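S.K.: Please see the structure below; I have some questions.
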Amino acid sequence: MGLVLNRPLSEPRFADLLLQLDIPPDPSCDIRVCSGGPVDQMRGFVLHSSDWRAPDTLTIDHAYSMTASLDILRAIADGRGPARSILALGYAGWESGQLDAELRTPSWLAAPADEAILFDSAFDTKWRRALGRIGIDPAALVAVSGHA
């Protein structure tokens with residue numbers, strides 16, 4: 001599975017989601033909400049810094065984790081949550097082995113994780129900055145390939 005992090009949602013707002021879940025929102029604890037992908041868009045996933053964890057938190061690496069339970073939403077609403085976080089509604093999914101096969105072809109470009117790119121609110125430049133981290137100018141990309 002994967003999360004799309006550069007498609008912000010104007011609705012619902014984080015506070016509205018908390019109210020729907022009967023979690024009293026604290027106005028000072030607001031996080032960005034994005035469309036995480038086309039699959040199961042009623043389900044939320046919080047990508048966050050690894051300074052917070054619950055029993056069901058998935059550790060991605062030393063710096064990043066993901067939690068998909070109400071525990072993290074309650075913690076964020078109470079001001080006890082992770083230092084950095086973003087809520088994705090939905091996810092992108094692949095069949096077993098499909099993504100690995102796609103990564104071996106020129107279908108994907110992979111860049112190292114960057115806290116600013118993952119968590120900041122400059123959604124419209126996330127992909128450009130990610131490409132820049134691997135030395136690629138987006139203007140140099142083409143939609144078709146040829147054969148030599």
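S.K.: Quick check on my filter: what residues within the stretch 77-126 are assigned to a strand (DSSP E or B) and either on the phi < 0 side of the Ramachandran plot or loosely packed, with under 11 Cβ neighbours inside 10 Å (or both)? Even if it seems obvious, please write down each step before you answer.
M.R.: Looking only at the stretch 77-126, we keep the residues that are assigned to a strand (DSSP E or B), and these are 85-92.
Correct list: Ser85, Ile86, Leu87, Ala88, Leu89, Tyr91, Ala92.
S.K.: Could I ask something else about it? Spot the failing condition for Gly81; the list is (1) under 24 Å from Ser10 (Cα atoms); (2) without any contact (Cβ under 8 Å) to a residue 40 or more places away in the chain; (3) of a type in the set (Gly, Ala, Ser), and only one is missed.
M.R.: Failing condition for Gly81: (2).
S.K.: Which of the residues spanning the stretch 54-65 are assigned to a loop (DSSP other than H, G, I, E, B) and surrounded by fewer than 19 Cβ atoms within 10 Å (Cβ to Cβ)? So that I can check it myself, show each step before the final result.
M.R.: Start the filter on the stretch 54-65 by keeping residues that are assigned to a loop (DSSP other than H, G, I, E, B), which leaves 54-57, 60-63.
Correct list: Ala54, Pro55, Asp56, Ile60, Asp61, His62, Ala63.
S.K.: Hey, among Asp51, Asp22, which residue is surrounded by fewer than 16 Cβ atoms within 10 Å (Cβ to Cβ) and closer than 20 Å to Ala116 by Cα? Talk me through it step by step, then tell me what you get.
M.R.: Numbers: Asp22 fails: closer than 20 Å to Ala116 by Cα.
Going through Asp51, Asp22 in turn, just one is surrounded by fewer than 16 Cβ atoms within 10 Å (Cβ to Cβ) and closer than 20 Å to Ala116 by Cα: Asp51.
S.K.: Of all residues in the stretch 25-34, which are buried (at least 18 other Cβ atoms within 10 Å of the Cβ) and part of a strand (DSSP E or B)?
M.R.: Matches in the stretch 25-34: Val33, Cys34.
S.K.: Within the stretch 101-109, does at least one residue satisfy the condition of being within 24 Å of Gly44 (Cβ to Cβ) and not aromatic (Phe, Trp, Tyr)?
M.R.: We begin by selecting, within the stretch 101-109, every residue within 24 Å of Gly44 (Cβ to Cβ); these are none.
Scanning the stretch 101-109, I find no residue that is within 24 Å of Gly44 (Cβ to Cβ) and not aromatic (Phe, Trp, Tyr), so the answer is no.
S.K.: For the stretch 13-53, enumerate the residues that are in contact (Cβ under 8 Å) with a residue 40 or more places away in the chain, touching a helix residue (DSSP H, G or I) at 6+ places or on another chain (Cβ under 9 Å) and of a type outside the set (A, V, I, L, M, F, W, C). Even if it seems obvious, please write down each step before you answer.
M.R.: Applying the first criterion (in contact (Cβ under 8 Å) with a residue 40 or more places away in the chain) to the stretch 13-53 yields 14, 17-18, 21, 23-26, 28-29, 31-47, 49.
Among the residues that remain, those that are also touching a helix residue (DSSP H, G or I) at 6+ places or on another chain (Cβ under 9 Å) are: 14, 17-18, 21, 23-26, 29, 31-34, 44, 46-47, 49.
Within the stretch 13-53, Pro24, Pro25, Asp26, Arg32, Gly44, Ser49 qualify.
S.K.: Does the stretch 132-139 include one or more residues that are surrounded by fewer than 18 Cβ atoms within 10 Å (Cβ to Cβ), touching a Pro at 6+ places or on another chain (Cβ under 7 Å), basic (Lys, Arg) and at pLDDT 90 or above?
M.R.: The answer is yes; a qualifying residue exists.
S.K.: Suppose we filter Arg43, Arg13, Arg74 for residues that are among the charged types (D, E, K, R), over 11 Å from the mean Cα position of the chain (by Cα) and surrounded by 16 or more Cβ atoms within 10 Å (Cβ to Cβ); which single one remains?
M.R.: Criteria check complete, one pass: Arg74.
The values are calculated or read from the model by the stated rules, or taken from the named source; none is laboratory data. What you see is a predicted model; the values in this text were computed from it and never measured. Note that each Cβ is placed from the backbone with ideal geometry, even for glycine, and that neighbours are counted across all protein chains shown.
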